[in-house]
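K.L.:
Sending over a structure as structure tokens; questions will come in a sec.
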Ligand code: 9MR
């Protein structure tokens, strides 16, 4: 498979600057092939732990393939991701095809989860031929200005880059000045030695200066503060510059420092805000949450673009960043669009599977399952024209559609949304018996649903078959109608496996108890329950007295984090393990959400426009683990 990466205008210089900053932040010697191998304990609880091993290429040539090892005194690994693990203390981990190459300035992280086995969560030394640089240590921070300058000088780079590297090293060591990172409204220490992403130093999580600075305004590096709001307001290039000035004698001129650091940060921002940073090092290694999918044994999914879509996870200009996140956190994909009716069956006699086949193969190659969406959907622009105007035997035509599509993907997808959104919305005047008055209902009545499931089951005996809808979690008439529908299907012997709750919800609606009751009612009927399209928009356009957010403020980011925690916790609470079909988020990053438009901006997902994790990601993880951090 060829991955085409479109080179954005600023990419090269930003990448170069980023790489250089990372390098100098770690104060590396000028080795051509030096990688720093770091083991970080990301999370621990009574009996278990999660660790992350990062290999940061601080050299000047690419690493092609890696193999590292380590040994615990008592801990034992129970699962791992993003590497091939072998051995059982000592352990070794080797690269996978997609993460074997580490370009200079980039890093790769993989994760492990394990049992503390009576001991503490250990931090073993990571060794391997690739780990030729020393692991990060406090002494490297104490390097003198002259050693920084000499390493900069030996790198033969332009003078402006030299200045920025000096500034970056000052910023990286600026915890001494009281600087912290305002991470979406929560203050964390800045790392002293971790070059990028999240680190764990002095028994605390910390955020590397470069990663902190790459957040959108008003977040970033802040001076000594006593509250988040003052933290946010104190962030400015002058506050950064002044602390740079006071914290480092290596910066020759504070005015240079100030202008260089703001230009570096704004270069990063201007490039990344248009989703143009091609380096996966930022996205792949940041997050206090190592891996959502590793926290549970049910699917954690995400909707993705593919085929010729501009947000394709396979070959768009943002593919690298998307893949880094997807491989780290998600075990299942749903095609956001390309497996809908009009894509797969555009005319009566033609089926077009090429784009979907590519996505299914891509997912399989990376060990990711597919939840397929969707065999029947009323939505006007997703119903092929030939179906809208069909004058022949409608039931026979629909049977051919279902069986051709389902049998094509049989064995390659785990589950299908067989029918999407057949129930009428509360208050829908055109509704008939609680059903949406779609072309399918007009032609076949309720039988279109039964037949769709029966025909899908005949074509794929193994796939889980779901009815999928929105607002069925709100405890209103639609929830009542859903339960009547599934009860009727079960009575009629229709092979339905479960219900997909889309869950395009608001910050405060529906209530957690209402959501729990609706999911429990479905689970109590012996059906699987899936949260199939989760997103949490922060603006409520349906309520004119609701607050209007024009940016993701710290307070609303915290509300959204709590809302994600609440929903995920509700799912885990009321759905028995054997009936958990998983939780899927409707998109990877905010810039790509269907709810975020120019006229109505919103921030509904787990990763921001720069592909950086939001507090919502932590909230989601907390919901999975039962934590409240
Ligand atoms: O997110 C999808 C968007 O990109 C498409 O334009 C739209 C129409 O095909 O569908 C969106 O996804 C919908 C999903 O298929 C069904 N539930 C509602 C989702 C959001 O509209």
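K.L.:
Since residue 93 meets every condition but one in (1) more than 24 Å from the chain's Cα centre (by Cα); (2) touching a residue at least 12 places away in the same chain (Cβ under 8 Å); (3) more than 16 Å from residue 34 (Cβ to Cβ), which condition does it not meet?
P.N.:
Unmet condition: (1).
K.L.:
Another one. Would you kindly identify the strands (runs of 3 or more DSSP E) lying entirely within region 418-513 that contain at least 1 residues that are more than 15 Å from the ligand (Cβ to nearest atom) and within 32 Å of the chain's Cα centre (by Cα)?
P.N.:
So the answer is 464-469, 498-501.
K.L.:
Do the conditions hold for residue 364, that is, is it surrounded by fewer than 18 Cβ atoms within 10 Å (Cβ to Cβ) and either within 14 Å of the ligand (Cβ to nearest atom) or under 30 Å from residue 50 (Cβ atoms) (or both)?
P.N.:
It is true that residue 364 is surrounded by fewer than 18 Cβ atoms within 10 Å (Cβ to Cβ) and either within 14 Å of the ligand (Cβ to nearest atom) or under 30 Å from residue 50 (Cβ atoms) (or both).
K.L.:
Filter region 514-527 down to the residues that are part of a loop (DSSP other than H, G, I, E, B) and in contact with a helix residue (DSSP H, G or I) (Cβ under 7 Å, 6 or more places away or on another chain), then identify the one that is nearest to the ligand (Cβ to nearest atom).
P.N.:
Only one residue tops the list, namely 527.
K.L.:
Take the residues of region 288-308 that are part of a helix (DSSP H, G or I) and touching a strand residue (DSSP E or B) at 6+ places or on another chain (Cβ under 6 Å): which is nearest to the ligand (Cβ to nearest atom)?
P.N.:
My answer is 293.
K.L.:
Could you run through region 311-339 and say how many residues are touching a helix residue (DSSP H, G or I) at 6+ places or on another chain (Cβ under 6 Å), part of a loop (DSSP other than H, G, I, E, B) and within 16 Å of the ligand (Cβ to nearest atom)?
P.N.:
Here the count works out to 4.
K.L.:
Then there's this: Those residues that are surrounded by fewer than 19 Cβ atoms within 10 Å (Cβ to Cβ) and modelled with pLDDT of 95 or more, I need them from region 524-544; list them, please.
P.N.:
524, 525, 526, 540 - these are the residues of region 524-544 that are surrounded by fewer than 19 Cβ atoms within 10 Å (Cβ to Cβ) and modelled with pLDDT of 95 or more.
K.L.:
Given the residues 498, 476, 488, which is the only one that is more than 28 Å from residue 389 (Cα to Cα) and surrounded by fewer than 16 Cβ atoms within 10 Å (Cβ to Cβ)?
P.N.:
Unique residue meeting the criteria: 488.
K.L.:
Please verify whether region 340-361 includes one or more residues that are in a loop (DSSP other than H, G, I, E, B), buried (at least 16 other Cβ atoms within 10 Å of the Cβ) and within 16 Å of the ligand (Cβ to nearest atom).
P.N.:
Yes, because at least one residue in region 340-361 is in a loop (DSSP other than H, G, I, E, B), buried (at least 16 other Cβ atoms within 10 Å of the Cβ) and within 16 Å of the ligand (Cβ to nearest atom).
K.L.:
Ok, one more. Mind listing whichever residues of region 70-90 are without any contact (Cβ under 8 Å) to a residue 24 or more places away in the chain and over 23 Å from the mean Cα position of the chain (by Cα)?
P.N.:
Listed by number, the residues that qualify are 86, 87, 88, 89, 90.
K.L.:
Something else: Mind checking which residues of region 591-604 are surrounded by fewer than 19 Cβ atoms within 10 Å (Cβ to Cβ) and within 17 Å of the chain's Cα centre (by Cα)?
P.N.:
594
K.L.:
Working only within region 555-588, note down all residues that are assigned to a strand (DSSP E or B) and within 16 Å of the ligand (Cβ to nearest atom).
P.N.:
583, 584, 585
K.L.:
Within region 605-616, is even one residue surrounded by 22 or more Cβ atoms within 10 Å (Cβ to Cβ), more than 16 Å from the ligand (Cβ to nearest atom) and assigned to a helix (DSSP H, G or I)?
P.N.:
Taking every residue of region 605-616 in turn, at least one turns out to be surrounded by 22 or more Cβ atoms within 10 Å (Cβ to Cβ), more than 16 Å from the ligand (Cβ to nearest atom) and assigned to a helix (DSSP H, G or I).
K.L.:
Assuming residue 347 fulfils every condition listed in (1) out of contact with any helix residue (DSSP H, G or I) (no Cβ under 8 Å at 6 or more places or on another chain); (2) without any contact (Cβ under 8 Å) to a residue 60 or more places away in the chain apart from one, which condition is it?
P.N.:
Result: residue 347 passes all but (1).
K.L.:
So for region 81-97 (the condition being more than 15 Å from residue 132 (Cβ to Cβ), touching a helix residue (DSSP H, G or I) at 6+ places or on another chain (Cβ under 9 Å) and exposed (fewer than 15 other Cβ atoms within 10 Å of the Cβ)), does at least one residue qualify?
P.N.:
The answer is yes, given that some residue of region 81-97 is more than 15 Å from residue 132 (Cβ to Cβ), touching a helix residue (DSSP H, G or I) at 6+ places or on another chain (Cβ under 9 Å) and exposed (fewer than 15 other Cβ atoms within 10 Å of the Cβ).
K.L.:
Looking at region 570-597, I want the residues that are farther than 30 Å from residue 215 by Cβ and have a partner that is modelled with pLDDT of 95 or more and within 16 Å of the ligand (Cβ to nearest atom) with Cβ atoms under 7 Å, at least 6 apart or on another chain. Which pairs are those?
P.N.:
Matching pairs, first to second residue: 581/415; 581/530.
K.L.:
Here are 392, 411: which of them is assigned to a loop (DSSP other than H, G, I, E, B), more than 16 Å from the ligand (Cβ to nearest atom) and more than 31 Å from the chain's Cα centre (by Cα)?
P.N.:
Just a single option satisfies the conditions, and that option is 392.
K.L.:
With the condition kept exactly as written, say whether any residue in region 374-389 is more than 16 Å from the ligand (Cβ to nearest atom), touching a residue at least 12 places away in the same chain (Cβ under 8 Å), more than 30 Å from residue 442 (Cβ to Cβ) and surrounded by fewer than 22 Cβ atoms within 10 Å (Cβ to Cβ).
P.N.:
no
The values are calculated or read from the model by the stated rules, or taken from the named source; none is laboratory data. Treat the numbers as computed from the prediction; the structure is a model and nothing was measured. Here Cβ is always computed from backbone atoms with ideal geometry, including for glycine, and neighbour counts include all displayed protein chains.
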